[in-house]
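Below is one structure, written out as structure tokens; the observations come after it.
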Amino acid sequence: MWETRDLTCVILIAVISFIYTLVIGQLGNLVTGIAGFNYLFAIGHMFFISFGFLMYKGKRWRLFLQCSLVALLTLTTYLSGVPFDLLSKIPILLTAFIADLGFNSIYQFFTKRNRLKWLSLLLCFCFLLMLLFFNSLNMYLFYSPQTLSAYLSVYALLLPVSIIETALGGLLGFEIYKKIRKA
């Protein structure tokens, strides 16, 4: 059963993630017009994914709901494509569904061994890679080959930055979660 506290946490994190997207997260694509350039600001998105996942404590479908709300709220932004493009939000939903299903299944294993920091990092890296895969598949199926080629070129260029920001976002999410858990 869903508690009011869980729903409030999901909605709050989704809204703050949306505000981050409005202010910072969409700047890469908005300023340059290049698909995939938003990976330059991956640290914030990975922070919200990691922090949200840890706050839900292994309860299913909270992360999926959070990402679904973010996808719905960011429909008018340049987060994962041009505004009002429903096809560009499908990879976010697929990635969130698989991440929620998979990582909530192994949450107890990592909790018993006191390894939530590693789970947070693993979640962020898997989320990033699944998002790359589903975005590429989406572009391959529904967009022109030039769009896919440009996206993969930019992603390859930003891969080192994305890896560092993903690790920092996952660690930051864990550290904030640890501070809140103690309070």
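Bear in mind that the values in this text are calculations on the coordinates, not laboratory data. What you see is a predicted model, and the numbers here were worked out from it, not measured in a lab. Backbone-built Cβ (ideal geometry, glycine too); neighbour counts: all protein chains shown.
Just a few scattered comments:
- Computed from phi, the 3J(HN,Hα) profile of region 120-133 under the Karplus parametrisation 6.51, -1.76, 1.60 (θ = phi - 60°) reads 4, 5, 4, 4, 5, 5, 5, 4, 4, 5, 5, 5, 4, 4 Hz, with x in place of Gly and Pro.
- 18 Å Cα-Cα reach of LYS179 towards lysines, excluding residues that sit fewer than 8 places from it in its own chain: LYS57, LYS117
- The order of the peptides 120-128, 11-19 by mean Cβ neighbours within 10 Å, most packed first, is 120-128, 11-19.
- Relative contact order [Cα under 8 Å, 6+ residues apart], region 4-182, whole percent: 32 percent
- Order of GLU175, GLU165 - criterion: other Cβ atoms within 10 Å of each residue's Cβ, fewest first: GLU175, GLU165
- From least to most packed, judged by other beta carbons within 10 angstrom and beginning with the fewest, ASP100, ASP6 follow the order ASP6, ASP100.
- Cβ crowding within 10 Å averaged over residues, with 104-110, 20-26, 65-71 ranked highest first: 65-71, 20-26, 104-110
- Where a label projected 7 Å from the Cα of VAL82 along Cα→Cβ would reach, residues of region 138-173 with amide N under 19 Å: 138-152
- R0 of 22 Å, Cβ-Cβ distance ILE16-THR111: FRET efficiency to nearest 0.05: 0.30
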